[in-house]
1. Tell me, what does the Kirkwood hydrodynamic radius of the stretch 51-115 come to in angstroms if you use every pair of distinct C-alpha atoms?
2. Under the classification rounded if a/c is under 1.5, otherwise prolate if a/b is larger than b/c and oblate if not, where does the stretch 56-175 fall, given a ≥ b ≥ c as square roots of the Cα gyration tensor eigenvalues?
3. Can you pull the one-decimal nm distance between simple spin-label points at residue 22 and residue 150, each 7 Å off the Cα toward Cβ?
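Read-outs throughout are calculated quantities, based only on the coordinates presented, and are distinct from any laboratory measurement. These numbers come from a predicted model, not from an experiment. Ideal geometry is used to build each Cβ from the backbone, glycine not excepted, and the neighbour counts take in all protein chains shown.
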């Protein structure tokens, strides 16, 4: 009664040698380009001096009692001739009318240390209740380190060396209770 039309045979899709060659060249160029991008701009061994921000990932609680813990994940250790210092920056320190910012360097990370996580307990029981401090890592050269440490009054400095570079995120911790 009703006849169904016979399906046409499907045409096979074929690539010419020229098309295959062009495809291979484009693929190879993409792989080489991706490798160059990773080598020039990606996180890499610090001995080559190339690290993306942050070189250190810092974590701490927003509020703390008299002690708290910081966790520093070193992603890219410092290159030879540099160190990373944890800076506790406290603003409005001093008597009314003489308030100023102080920078307290601690816990240097030196070249050759492993890219791993470091956990340290901090003691802030001497700090006024509700005082805040910003914590971050600063990269310093040998000369900048000398300037930073020679300007310490007790354990803090009133200024940071010009040219020193922040290499971590910043976290703020409030002394919330005793």
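1. When all Cα pairs of the stretch 51-115 are included, the Kirkwood radius is 14.0 Å.
2. oblate
3. 6.6
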